[in-house]
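Visitor: Sharing a structure with you now.
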Protein chains: 2
Amino acid sequence: MAVTDIATRTYNHNFRLDPIVRSLLDTDFYKLLMLQMIRQVYPDVTATFALINRTKTVRLAEIVDEDELRAQLDHARTLGFAKKELIWLAGNSFYGRQKMFGPEFLAWLADFRLPAYELRKVDGQYELHFDGPWTHTTMWEIPALTIINELKSRAALRNRGRFALDIVYARAKAKLWEKVERLREMPDLVLSDFGTRRRHGFLWQRWCVEALKEGLGDRFIGTSNVLLAMDADLEAIGTNAHELPMVTAALAESDAELAQAPYRVLEHWRQHYNGNLLIALPDAFGTTAFLRNAPHWLAEWTGFRPDSAPPIPGGEQIIRWWEEQGVDPKTKLLIFSDGMDIDTIEQTYRHFHGRVRMSFGWGTNLTNDFRGCDPDGAAALEPISLVCKVIEANGRPAVKLSDNPAKATGEPAEIARYLRVFGETGRAVTPVLV
Amino acid sequence: MAVTDIATRTYNHNFRLDPIVRSLLDTDFYKLLMLQMIRQVYPDVTATFALINRTKTVRLAEIVDEDELRAQLDHARTLGFAKKELIWLAGNSFYGRQKMFGPEFLAWLADFRLPAYELRKVDGQYELHFDGPWTHTTMWEIPALTIINELKSRAALRNRGRFALDIVYARAKAKLWEKVERLREMPDLVLSDFGTRRRHGFLWQRWCVEALKEGLGDRFIGTSNVLLAMDADLEAIGTNAHELPMVTAALAESDAELAQAPYRVLEHWRQHYNGNLLIALPDAFGTTAFLRNAPHWLAEWTGFRPDSAPPIPGGEQIIRWWEEQGVDPKTKLLIFSDGMDIDTIEQTYRHFHGRVRMSFGWGTNLTNDFRGCDPDGAAALEPISLVCKVIEANGRPAVKLSDNPAKATGEPAEIARYLRVFGETGRAVTPVLV
């Protein structure tokens, strides 16, 4: 007896928009941690975020319909944090700490709305800018990326029959489960989902998170997605991002101040957070430069998240630095999160096993790996390297050098100045796939 | 907005039996063709059918609950042909012929019910017998097999979480689609679904049939399942089975009559059917013996369905016979249907391509291939070699020799007598997997 629910069917008939973002919690946890600090330390800084498609060959403006994109962005702007979401943020513990978010911050969040955006097409790409207070524009990063990535997935699957869609998802499920089975072979490996921004779609990310929870049990330590963490009773995972050193560097009044900016922002961080949240991102202006001048107190932090150097040399470099600082790497944590997939997770895990504590933030290759899954063999489901980066703070240009010049952002003249200040040692081009 | 249909949910809560057989059309087409002939030629013959599990290592009575089995068998006995089903049988064309089933036969079908069964447990297996008029007991073969096979699948998946089930079916879908993609590489290959009897379950067979329809288009020429043929607007495929020569052989009054029995029943067949229904099954008592004494008019038939010899030597033997009879094998059809899977289909297709017309009846490895699909790695989903064979006619023992002694059925003394009459040449043991 196949029963069709007529009410649902009728609702679907009249359906104008299938919203991609349905909650402001559908974002990465680190955005909330950073936001709480930004509000206290930089309440008046303005910051412009911009979409950057590093996969130039994919002409997004020819794939994603502009009206649909505007409708989704406009819909996201109508959302506020729901009462139950704020109650959960207030009452849940994060990283073992109660009351991570203060009452004043939560009261402010209650009225939060995403600010305006500017959108235009330039040479087959979308120019999408968010201008305004840093406290507001920062919150666009994840919804902007999830909206565009999911619209791209929908475009790739438009006009596919019910059957072809069935095959696409069956294959993607089987493919992910093969990876889960390989992950199970590494007995003390722990990892978390970092795949929100470049996910195939929200429902697919949810399925992936459920798969890891089912397949890895406690070794799946959580998700960066706050909404999924709440819904699935998982830990919300994340610390801080490049935008912190990028904005503080942009605000620096001199080259000397610029050189100190990456450490100054981490001093602010440790005034706000502690324990396992004391994870430093070393690569904004090159890991070699960062470690060369790093204060000793950073060696007392829980660990580092190398994010653009190849994982094995990048990890070795940090381990050497710990040893130079006289601390035992075995007590320290490395979080690998740059374009990891099952092969690189295995290699990195085996390489460092027993020498340092490790965790993996598994992103795009977890939540958007449909390579080989399309029965029509099309490449339209391939993930692209799309980011949403701060490009200006208080009207001054922002720069990211990264360990991988292919991931650098900023105006050429400013990049040159930063390279003079921080040096080029240790940077090497690696193809950016996701 | 996830809407739960409360009425459906409540219905499911109160659900006592999920019937496996819900229509008497959920059977193989050849049963109806044979039944029409049996009613005219052998209306008074009684025949006993019995379940035979050739996979002795699988102790079915310890896996399938007896109460559940009885409930399913009893439910099948409540079914009659529905009015729309009889209208379809009357109005549809089969093998290009209108009015394949006569009005008197259809009127008789309208009152048809499955007869009684006898069930008991013997040494870890079910002894399941159907006694009575051949016109009735013959109709138990397929429902008895589908019920036991689906109860076995259900038992294998009992207590699995929603997630594990999701993986099982995702993998099975991905696995079947890999096969479909390989089949597409063979440009003029045609095949049909013969997988009713040993299917994983009805809904899964339906999915497999839809997959072939979608993936192969017109090269998927139909299904042996009459209900699925009606529902999916496909051709119903099938001709005749071993029970015809087995019963006529059992009725033979002398060894001379026994030797002629396989041909006599085919004479009856050609009085009832023509065209592409003129397909002979040569192996009931050994293909070598069958061809040695076969009348020339069999060379004028459309083709043969070798069903227990290995496909390549079995096909070659028939091609040689056609050549000896002076007919061109290129105009003839071989239907391969014995435990075929993608590798053997490819090998057989490549071997005979251009030399003979070919078609494949794809059975168990189409509708019940879950090998490697269970995330728990259990073997409980492996298909077994379960058959339901005629064992007696008018109180005399029935025998099948087959080209493969591992597939022989009957009492040892009778098998010995048949071997004396038909000879042993050309028979060779091959492991029976499905």
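Visitor: Just grab the label-to-label distance for B:Asp343 and B:Gln98, each label 7 Å out from Cα along the Cβ direction, in nm (one decimal).
Guide: 4.9
Visitor: Would you mind calculating the relative contact order of region A:76-209 from Cα pairs under 8 angstrom and at least 6 residues apart, reporting the percent as a whole number? If you can, show how the numbers build up before the last one.
Guide: Numbers: 97 pairs, mean separation 25.5, N = 134.
It rounds to 19 percent for region A:76-209.
Visitor: So what's the gap between the Cα centers of region A:132-160 and region B:359-434, to the nearest angstrom?
Guide: Using only Cα atoms, the two centres lie 58 Å from each other.
Visitor: Quick one: work out the % antiparallel among DSSP beta bridges in region A:294-434, nearest 5.
Guide: Working: 3 of 9 bridges.
For region A:294-434, the DSSP antiparallel bridge percentage is about 35.
Visitor: Taking each label point as 7 Å beyond Cα in the direction of the beta carbon, state the distances from A:Ala164 to the same residue in the other copies, shortest first, in nm.
Guide: Here A:Ala164 shows inter-copy label distances of 3.5 nm.
Visitor: Moving on to the next point. For A:Glu210 and B:Glu66, FRET efficiency with R0 = 25 Å and r from the beta-carbon atoms, rounded to 0.05? Mind showing how you got there, number by number?
Guide: On the way: r = 37 Å, r/R0 = 1.47.
The computed FRET efficiency comes out at 0.10.
Visitor: Okay, next question. Under a straight-distance cross-link criterion of Cα-Cα below 13 Å, which aspartates and glutamates are reachable from B:Lys84, leaving out those fewer than 8 residues away in the same chain?
Guide: Correct list for B:Lys84: B:Asp231.
Visitor: Then there's this: Peptide A:167-180: average number of partner chain Cβ atoms within 10 Å per residue? Please report the intermediate quantities before stating the final value.
Guide: Working: counts 10, 1, 3, 11, 7, 2, 7, 11, 3, 2, 10, 1, 0, 2.
Average neighbour count from other chains, rounded to a whole number: 5.
Visitor: Could you tell me the distance between the Cα centroids of region A:301-358 and region A:258-295, to the nearest Å?
Guide: About 16 Å separates the Cα centre of region A:301-358 from the one of region A:258-295.
Visitor: Over its Cα atoms, what ratio of radius of gyration to 2.2 N^0.38 Å does region A:329-411 give? Please report the intermediate quantities before stating the final value.
Guide: On the way: Rg = 17.3 Å, N = 83, 2.2 N^0.38 = 11.8 Å.
Here the answer is 1.47, to two decimals.
Visitor: Set the Förster radius R0 to 45 Å, insert the Cβ-Cβ distance between B:Asp44 and B:Asp218 as r into 1/(1 + (r/R0)^6), and round the FRET efficiency to 0.05.
Guide: Details: r = 43 Å, r/R0 = 0.96.
Computed FRET efficiency for B:Asp44 and B:Asp218: 0.55.
Visitor: Would you kindly state how much longer the chain becomes between B:Ala155 and B:Ala378 on full extension, computed as 0.36 nm times their sequence separation minus their alpha carbon distance, in nm to one decimal? Don't jump to the answer; show the numbers that get you there.
Guide: Details: separation 223, 0.36 × 223 = 80.28 nm, distance 1.22 nm.
Result for the pair: 79.1 nm of gain on full extension.
Visitor: Can you give me the Rg/Rh ratio for region A:1-83, using Cα atoms for both radii and the Kirkwood formula for Rh? Please list the in-between numbers first.
Guide: Details: Rg = 18.8 Å, Rh = 17.0 Å.
Reported Rg/Rh, Kirkwood definition of Rh: 1.11.
Visitor: Still on this structure, please answer the following. Counting only C-alpha contacts under 8 Å and six or more residues apart, can you give the relative contact order of region A:169-368 as a whole percent?
Guide: On the way: 278 pairs, mean separation 50.7, N = 200.
25 percent.
Visitor: Over the Cα atoms, compute the radius of gyration (one decimal) and Dmax (the largest Cα-Cα distance, rounded to a whole number) for region A:169-368, in Å.
Guide: 17.4, 56
Visitor: If each DSSP helix of 4+ residues adds -39,500 (n - 2.57) and the sum is divided by the residues in chain B, what number results at 222 nm, nearest 500 deg cm²/dmol? Write out the running numbers ahead of the final one.
Guide: Numbers: 18 runs with 193 residues, N = 434.
That comes out to -13500 deg cm²/dmol.
Visitor: Could you work out how far the C-alpha centroid of region A:173-199 sits from that of region A:24-79, in angstrom?
Guide: Rounded to whole Å, the Cα centres lie 26 Å apart.
Visitor: Applying the Karplus parametrisation 6.51 cos²θ - 1.76 cosθ + 1.60 with θ = phi - 60° to the phi angles of region A:127-137, what ³J(HN,Hα) value in whole Hz is obtained for each residue in order, glycine and proline being reported as x?
Guide: 9, 10, 10, 10, 10, x, x, 3, 4, 10, 5
Visitor: Report the label-to-label distance for B:Asn394 and A:Arg320 in nanometres (one decimal), using points 7 Å from each Cα along the Cα→Cβ vector.
Guide: Each label point is offset 7 Å from its Cα along the Cβ direction, giving 9.6 nm.
Visitor: Sticking with this one: Of all DSSP beta bridges in chain B, what percent run antiparallel (nearest 5)? The partial results should precede the final answer.
Guide: Numbers: 20 of 35 bridges.
Bridges in chain B are about 55 percent antiparallel.
Visitor: Something else about it: Quick check: residue separation of A:Leu106 and A:Trp297 times 0.36 nm, minus the Cα distance between them. What number comes out in nm?
Guide: Values: separation 191, 0.36 × 191 = 68.76 nm, distance 3.07 nm.
The span from A:Leu106 to A:Trp297 would gain 65.7 nm if fully extended.
Visitor: 7 Å from Cα along Cα→Cβ at both A:Glu127 and B:Asp123: what's the point-to-point distance in nm?
Guide: So the label points at A:Glu127 and B:Asp123 sit 8.5 nm apart.
Visitor: While we're on this one: Can you pull the Rg over Rh of chain A, Cα-only, Kirkwood?
Guide: On the way: Rg = 21.3 Å, Rh = 22.5 Å.
So for chain A, dividing Rg by the Kirkwood Rh gives 0.95.
Visitor: Taking 26 Å as the cut-off for C-alpha to C-alpha distance, list the pairs among B:Lys175/B:Lys389; A:Lys121/A:Lys175; A:Lys121/A:Lys173; B:Lys56/B:Lys173; B:Lys175/B:Lys213 that go past it.
Guide: Numbers: B:Lys175/B:Lys389 31 Å; A:Lys121/A:Lys175 36 Å; A:Lys121/A:Lys173 35 Å; B:Lys56/B:Lys173 29 Å; B:Lys175/B:Lys213 16 Å.
As for pairs spanning more than 26 Å Cα to Cα, those are B:Lys175/B:Lys389; A:Lys121/A:Lys175; A:Lys121/A:Lys173; B:Lys56/B:Lys173.
Visitor: Can I get the semi-axes of the protein assembly as shown's equivalent ellipsoid? Compute them from the C-alpha gyration tensor as square roots of 5 times the eigenvalues, in angstrom, largest first.
Guide: So the three semi-axes of the protein assembly as shown are 69, 27, 25 Å.
Visitor: Going by average Cβ neighbours within 10 Å, how do the peptides B:106-119, A:278-291 rank, with the highest at the top? Can you show the working numbers first?
Guide: Working: B:106-119: 14.9, A:278-291: 24.3.
Result, highest mean first: A:278-291, B:106-119.
Visitor: Round to the nearest 0.05 the FRET efficiency obtained for B:Phe163 and B:His13 when R0 = 25 Å and r is the Cβ-Cβ distance. Present the calculation step by step, with values, prior to reporting the outcome.
Guide: Working: r = 22 Å, r/R0 = 0.87.
FRET efficiency, B:Phe163 to B:His13: 0.70.
Visitor: Pulled fully out, how much extra length does the chain show between A:Ala256 and A:Ala82, if you take 0.36 nm times their separation in residues and subtract their Cα-Cα distance? If you can, show how the numbers build up before the last one.
Guide: Details: separation 174, 0.36 × 174 = 62.64 nm, distance 4.43 nm.
Stretched out fully, the A:Ala256 to A:Ala82 stretch lengthens by 58.2 nm.
Visitor: When you take every Cα atom in region B:253-396, what is the radius of gyration, and what is Dmax, the widest Cα pair distance, in Å?
Guide: When restricted to Cα atoms, region B:253-396 yields Rg and Dmax of 17.8, 56 Å.
Visitor: Would you work out the relative contact order for chain A, in percent, from Cα pairs under 8 angstrom that are 6 or more residues apart?
Guide: Values: 732 pairs, mean separation 90.9, N = 434.
It rounds to 21 percent for chain A.
Visitor: Sorted by average packing, counted as other Cβ atoms within 10 angstrom per residue and highest first, what order do B:299-306, A:161-168, A:320-327, A:139-146 take?
Guide: Working: B:299-306: 20.5, A:161-168: 16.1, A:320-327: 14.2, A:139-146: 23.9.
Those peptides, ordered most packed to least, come out A:139-146, B:299-306, A:161-168, A:320-327.
Visitor: Could you give me the radius of gyration and the Dmax of region A:130-288, taking only the C-alpha atoms into account and expressing both in angstrom?
Guide: Calculated on Cα positions, Rg and Dmax stand at 19.5, 61 Å.
Values in this text are rule-based calculations from the coordinates and carry no lab data. Predicted, not measured: the structure shown is a model, and the values here were computed from it. Note that each Cβ is placed from the backbone with ideal geometry, even for glycine, and that neighbours are counted across all protein chains shown.
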